1. For the stretch 180-194: of the residues being crowded, with 20+ Cβ neighbours inside 10 Å and in contact (Cβ under 8 Å) with a residue 40 or more places away in the chain, which is nearest to Ala140 (Cα to Cα)?
2. Here is a list of conditions, (1) among the charged types (D, E, K, R); (2) within 17 Å of Ile8 (Cβ to Cβ); (3) assigned to a loop (DSSP other than H, G, I, E, B), and Arg299 meets all of them except one; can you say which number that is?
3. Would it be correct to say that Glu379 is within 18 Å of the chain's Cα centre (by Cα) and open to solvent by 20 Å² or more (accessible area, probe 1.4 Å)?
4. Report yes if Leu147 is outside any helix (DSSP H, G or I) and not assigned by TED's automatic domain parsing to the domain that holds Gly197, otherwise no.
5. Would you be able to say whether some residue in the stretch 339-353 is touching a residue at least 24 places away in the same chain (Cβ under 8 Å), surrounded by 22 or more Cβ atoms within 10 Å (Cβ to Cβ) and under 20 Å from the mean Cα position of the chain (by Cα)?
6. State the number of residues belonging to the stretch 103-117 that are touching a residue at least 12 places away in the same chain (Cβ under 8 Å) and either of a type in the set (D, E, K, R) or out of contact with any Lys or Arg (no Cβ under 7 Å at 6 or more places or on another chain) (or both).
7. Within the stretch 360-376, take every residue that is within 26 Å of Ala311 (Cβ to Cβ) and modelled with pLDDT under 85 and give me the one that is most open to solvent (accessible area, probe 1.4 Å).
Amino acid sequence: MRDTPRRIAVVGAGMAAARFAARLLALTPPGGAEVTLYGAEPCGPYNRALLVGALRGRPAPGELGLPAGGATVRTGTEVVAVDVAARTLRTARGLTAAYDALVLATGAEPVVPALRGPLPRAGVHLLRTLADRGRLADAARDARTVLVVGGGALGVGVARALARPGVEVHLALGASGLMGRHLDAGGAAAVRRALEGAGVTVHAGPVVRLLGDARVAGAELADGGRLDVRLAVLACGVRPRVALARQAGLSVASGVVVDDGLAASAPGVHAIGDCAEHRGVVHGRAEAAWDQADVLAARLSGADPDALCAASAPYLRLSVGELEVAAFGESAGEGTGAVMLSDARGGTYRRLVLRGEAVVGAVLVGDVGAVGDVGRVVEWGEGVEGDAVRLLWGG
C-alpha cells in the first residue's frame, strides 16, 4: 500500500481532462490520488463544444465552465517537455514536476488553410478557445460583411451563428463540399436551404486569397470571383496537438497512438480526447472524449482496472439557432439501400443507410426529434424490420 497519494499529471485542462479528473477522484478513496491539470489557457475547464452557440450569447461565456472534481488546475501553465523515463514534466516557466502517471489531453489545434500570399494583419479570426470567441464576438458586433472559410460542421455553425439582419454572411466551401464528411447530397441540400433561409450566401468554390494588408479588404475565390468582406473566419477543421508527444518519443500517427486501455507507447503515459488515436481513428468529438476519460478513470482509480475502450461510431450533432443536424455512423454512405423522407418546404430531411436490414448510418436535418431512437439503432446495428419510416418519424 502506498504511503503517499498517487501523483497523476494531466497535460491539458479541457473537456476530456476535466471529465477524467472528476471521475477519477470520485472513484478513488480519499487521499489516494493527487490530480493536477496543466492548462495553457488563462481560464479553467469549459465546454468547448458550446463555443459556436456562445457567439449568439446562448449559453453565456460564463456558463461554459466544467467541474474538475477537486483536482488542482494550473491555468496559464503550458507544458513544454516530458521526460517519460524520469517521469517528469517541465513547464514554459521552468517548473519541473514529477508524476506517477501522465495523461495527455492536449486536444487539437485549428487548421489554417494555405492561401496565396500573406494573411491580412487584422480582421482574420479562428474559433477554438474562449478567448477566440471573445475576440470574434467583439469584431462581429459591428461587422456588416463576413466571410467564413470552411464547409464543415464548424464553418456551417459559425456562419449560422453570425447571420442576423443587416449582416451579409458568405460561406466558402472546401473540396469536400458542405459537411461532406457527414452528409449525403440530400442532407447537404437541406442544410444549404436552411443557411440561405437565414441569409447566408453559400459559395461552392474555395477561397484562394484574402485581400488586404493591414486589414481584410475582400476575398478572391477559385473561380476568379471576388467578395467584398471586412471580417474573415477560418473554420477549416482541427488537427490533433501532438508536438509534445512526438518530442517525448511517443508513437504518433495522426494522433497519439493508444491501445484499448488508452495507454500510449511509454510506461505510465496515456492519452484521451482529441489528441488520441484509438484503433486508427481520431474522433474529435465530446462524446468519444468523455467515454475515453471514463474508461481511463476506471482503470487508474482501480475501480475497474480491466476497463477497455470500445470502437466508437462517427457521430455529429450541430445545433445553432434554428439549424439542427445529426449524423450517425456511415451517414454519407450508400450501404446496400436507404430510406429517405424529405420536406423541402418544412426544411426537414431524414435518411437511414441500410446494409441488409441493419441500420449503419443516418442523417437528420431540421427536425431531430428521433435523434435518440435513431442513434441507438445505429450504435447497435439493429434492423428496422420493415418499419424504417416509423423510426424516422420518431415512433
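1. Among residues in the stretch 180-194 that are crowded, with 20+ Cβ neighbours inside 10 Å and in contact (Cβ under 8 Å) with a residue 40 or more places away in the chain, the one nearest to Ala140 (Cα to Cα) is Ala194.
2. Exception for Arg299: condition (3).
3. Spelling it out, it is not the case that Glu379 is within 18 Å of the chain's Cα centre (by Cα) and open to solvent by 20 Å² or more (accessible area, probe 1.4 Å).
4. Considered against the rule, which asks whether it is outside any helix (DSSP H, G or I) and not assigned by TED's automatic domain parsing to the domain that holds Gly197, Leu147 comes out as no.
5. no
6. 7
7. So the residue we want is Arg376.
Here's the yes/no breakdown for (1) under 19 Å from Ala54 (Cα atoms); (2) of a type in the set (Ser, Thr, Tyr); (3) at pLDDT 95 or above:
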position	(1), (2), (3)
Asp132	yes, no, yes
Leu136	yes, no, yes
Val146	yes, no, yes
Leu171	no, no, yes
His182	no, no, no
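The values are calculated or read from the model by the stated rules, or taken from the named source; none is laboratory data. Small disclaimer: the values here were computed from a predicted structure and weren't measured. Because the Cβ atoms are built from the backbone with ideal geometry, glycine has one as well, and the counts that use them run over all protein chains shown. Please note that ligands, DNA and RNA were not included when accessible areas were found on the heavy atoms of the full protein model with its side chains. Shrake-Rupley method; radii C 1.70, N 1.55, O 1.52, S 1.80 Å.
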